[in-house]
Amino acid sequence: MASLPPPPLVSVSPPVPPYVVALADDLSGAAETARALGGPVRLSLDAADVAEITATQDLVVDLDTRRLSPAEAADAVRTALRAAQAGPPRLLYKKVDSQLRGHLAAEAAAYAEGAEAVVIAPALPALGRTVTGGVVHVKGVPLHLTDGWRAERASAPRSLAEALSGLPVRTVPLDVVRSGPAALGAEFRQIAASGAHPAPDAETDADLDTVAAAALRLGPGFRLLGSGGLAAALGRALPRPAVGTSPPAPSPEGTPLLFVVGTAEPGAVAQIAHLTALGAHHVPLDPADLAAGTVRLPPPAAAPALTVLSIDGSGGTRPGTGRALSTALGALAAAYPGRPDLVLTGGETARTTLDALDIRELEPLGEIHHGAVHSRTPDGRRVVTRPGSYGAQDSLLRIAVALRPRLAAATAAT
């Protein structure tokens, strides 16, 4: 009897681990990623924690690389990757800024080492940040024509390829993205075989869902790099237990609430105005006084229940001074009397404040609005982090009401 022909060989990708190690370059982005992934999560401010992966949960680590040189930032990514790969299998994710700020080229190149390819998708449709033709757009305007880089030393890149200079990138048009995960995965594999890294266009969350699904079909050798939008798509695609969404208990009566606004975004002025209309005490800080350490805090008995500290930007922004001012602002916030709950806008401000308080870990509790992540410190203090460029005019007001529900009646009366 004639023997049957052998079955055809089928290429099978390695199984994808159900949990993620995500590396972020600033704290507000790390918190955004922790909530976006949607599963059980640990949010750490200590890069050494990457070597301590044991539990069945995601780990998101703020590497705090914005303050470093490009070479130092790349080394921090490499060190974290080595630690992650020495532990139990985890899916790797690199969180980057949706407006391409930070040491993107250096960190992406380090992240790509040892990977079959890196799938690059920084679109964040929830905030109108899309990618078409390999160009990041903010509400339809190409990034380099916006003022999103006003506080940076350099000009905004005109394309992803320019932002990732030195890393071979190939744009994947929107029609290919929308052809479905199987076809898109085949395109990713073909691009990887050519020695390049795929950068798919995306305008909607559905596009990012397709990107994540296509990458997961190819196994963990294809690493993901993107904003909170792609992190959320990854969370939706992975089969993990959902996290409960019951509202956390309020802070003890009388706990002060301190807003620390370290962003240079023009919209911050209007956001603060909503709080002052509610009776908040606003302290605009002169940058020179802040840097010199001559700002005086109120005595404990006189500390208002609701206070806003912000850097006075009326004299214009001086690129390159952000970290020094954030460090001084963080130290001032840490010394504020009454052990207040904290609302920290801007990743550098959030990090320097928590560093000054020696807080090394946060437990995410929920999201007040996109990117405004409500967390708890190990000793029970409430902290909300939010990227500086996020939020409508009522962003800070919504956060205040979420943390102090009794303010809702006063808000309705204004």
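We did not get these values from a lab; they are worked out from the coordinates using the rules stated. In this text, all values refer to a predicted model and were calculated from it rather than measured experimentally. Positions of Cβ are generated from backbone atoms using ideal geometry, with glycine treated the same way; all protein chains shown enter the neighbour counts.
Of all beta bridges that DSSP places with both ends in the chain, some 30 percent have antiparallel geometry.
Rounded to 0.05, the FRET efficiency of the residue 393 and residue 147 pair, given R0 = 25 Å and the Cβ-Cβ distance, is 0.90. Summarising the overall dimensions of the range 257-413 from its C-alpha atoms, the Rg and Dmax are 14.5, 42 angstrom.
Adding -39500 (n - 2.57) for every DSSP H run of four residues or longer, then dividing by how many residues the chain holds, sets the calculated 222 nm ellipticity at -9500 deg cm²/dmol. Applying 0.36 nm per residue to the separation of residue 178 and residue 194 and subtracting their alpha-carbon distance, the gain on full extension is 3.5 nm.
Please list, by residue number, every one of the trypsin sites (Lys or Arg not before Pro) in the range 344-379 that is coil in DSSP and has at most 16 other beta-carbon atoms within 10 Å. List each step's numbers first, then the result.
Values: sites: 351, 360, 376; in loops: 360.
Sparse-neighbourhood loop trypsin sites (Lys or Arg not before Pro): 360.
Sorted ascending by nearby beta carbons within 10 Å, beginning with the fewest, 355, 58, 97, 175 become 175, 355, 97, 58. Placing a label point 7 Å from the Cα of residue 363 along the Cα-to-Cβ direction, the residues of the range 251-288 whose backbone N falls under 19 Å from that point are 251-253.
Distance between the modelled labels on residue 79 and residue 339, one decimal in nanometres: 3.3 nm (7 Å Cα→Cβ projection).
Run through the range 211-309 and list the trypsin sites (Lys or Arg not before Pro) located in a DSSP loop whose Cβ has at most 12 other Cβ atoms within 10 Å. Write down the numbers at each step before the final one.
Values: sites: 217, 223, 236, 296; in loops: 296.
Those that pass, being in a loop and sparsely packed, are 296.
Averaging the sequence gap over all C-alpha pairs within less than 8 Å and six or more residues apart, then dividing by the number of residues, gives the chain a relative contact order of 18 percent. Building the convex hull from the alpha-carbon atoms of the chain and averaging its projection over directions returns 22.9 nm².
Pairs of alpha-carbon atoms within less than 8 angstrom and 6+ residues apart define the contacts here; what relative contact order does the range 257-413 have, in percent? This gives 28 percent for the range 257-413. Packing around the peptides 337-345, 107-115, 139-147, taken as the average count of other Cβ atoms within 10 Å per residue, puts them in this order, highest first: 337-345, 107-115, 139-147. Beta bridges from DSSP with both residues in the range 257-413: antiparallel share about 30 percent, rounded to the nearest 5. Shown is the FRET efficiency for residue 249 and residue 303, computed with R0 = 22 Å from the Cβ-Cβ distance and rounded to the nearest 0.05: 0.45. Considering only alpha-carbon pairs that sit under 8 angstrom and 6 or more positions apart, the relative contact order computed for the range 20-237 is 24 percent.
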